[in-house]
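Q: Take this structure, written in structure tokens, and hold onto it; I'll ask about it next.
The values are calculated or read from the model by the stated rules, or taken from the named source; none is laboratory data. Computed from a predicted structure; not experimentally measured. Reconstructed Cβ throughout: ideal geometry from the backbone, glycine too, with neighbour counts over all protein chains shown. SASA here: full protein model, heavy atoms, side chains in, ligands and nucleic acids out. Shrake-Rupley method; radii C 1.70, N 1.55, O 1.52, S 1.80 Å.
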Amino acid sequence: MNFQEKLFLAGLGSGLLPKAPGTWGSVVGLGLGIAILAYFPVETLFLLTILIFLFGVRATNVYEARTGIHDDSRIVVDEIAGMWLALCISGATVPAAALSFLFFRLYDIWKPSIIGRIDRDAPGGWGVMGDDMIAGAAAGLSSALVLQGLSRLGLGF
């Protein structure tokens, strides 16, 4: 990986860590997402998520064409985009962010339903990035539903 790929595709180098690069990429995504939301509205993070998704598809396609490696474990920009989408949906509270992270990692590792199909069947960068976007949407919705349920029980945060 060249320097630009380490910054972008490997999520500021987090994808180069020897153990659990996807989890570390998700941590970077969570931290950056929270930092962005501290200064900008959720719409800004959502638009950045779309941009990083599109650039991620393109950069992953270029990387895969050059190296012949599909879905290299060092590529974690997909985790960053998925985490950002989860944060956009669930909200910017600490409990929402924590639940989003947990649900995102669960769905990204387990790959239930359409998440797994996209991971297996979509070509190149579309598959690498697409499954994490769906996992992020599912994580954000799951987090919002859990928090709404807790709130209705009088246990809201």
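Q: Only residues in the range 133-154 that are over 30 Å from PHE55 (Cα atoms) count as the first member; pair them with residues that are in a helix (DSSP H, G or I), Cβ under 8 angstrom, at least 6 apart or cross-chain, and list the lot.
A: VAL146/LEU99; LEU147/SER90; LEU147/PRO95; LEU147/ALA96; LEU147/LEU99
Q: Take the residues in the range 147-157 that are in contact with a Pro (Cβ under 9 Å, 6 or more places away or on another chain) and assigned to a helix (DSSP H, G or I); name whichever of them is least open to solvent (accessible area, probe 1.4 Å).
A: The selected residue is LEU147.
Q: Continuing with this model, one more query. Just the residues that are free of Cβ contacts under 8 Å to residues at least 40 places away in the same chain and hydrophobic (A, V, I, L, M, F, W, C), please, taken from the range 66-97.
A: ILE69
Q: If you don't mind, another one. Of the residues LEU37, LEU54, LEU48, which is free of Cβ contacts under 8 Å to residues at least 12 places away in the same chain and within 26 Å of LEU141 (Cβ to Cβ)? If you could, list the steps in order and put the result at the bottom.
A: Details: LEU37 fails: free of Cβ contacts under 8 Å to residues at least 12 places away in the same chain; LEU48 fails: free of Cβ contacts under 8 Å to residues at least 12 places away in the same chain.
Of LEU37, LEU54, LEU48, the one residue that is free of Cβ contacts under 8 Å to residues at least 12 places away in the same chain and within 26 Å of LEU141 (Cβ to Cβ) is LEU54.
Q: Then there's this: Only one of SER90, SER73, SER100 is within 11 Å of the chain's Cα centre (by Cα) and of a type in the set (Ser, Thr, Tyr). Can you tell me which?
A: Values: SER90 fails: within 11 Å of the chain's Cα centre (by Cα); SER73 fails: within 11 Å of the chain's Cα centre (by Cα).
SER100 is the lone residue from the list that is within 11 Å of the chain's Cα centre (by Cα) and of a type in the set (Ser, Thr, Tyr).
Q: Could you tell me whether ASP71 is modelled with pLDDT under 95 and acidic (Asp, Glu)?
A: For ASP71, the condition - modelled with pLDDT under 95 and acidic (Asp, Glu) - is met.
Q: In this structure, does ASP121 turn out to be among the acidic types (Asp, Glu) and open to solvent by 10 Å² or more (accessible area, probe 1.4 Å)?
A: The answer is yes for ASP121.
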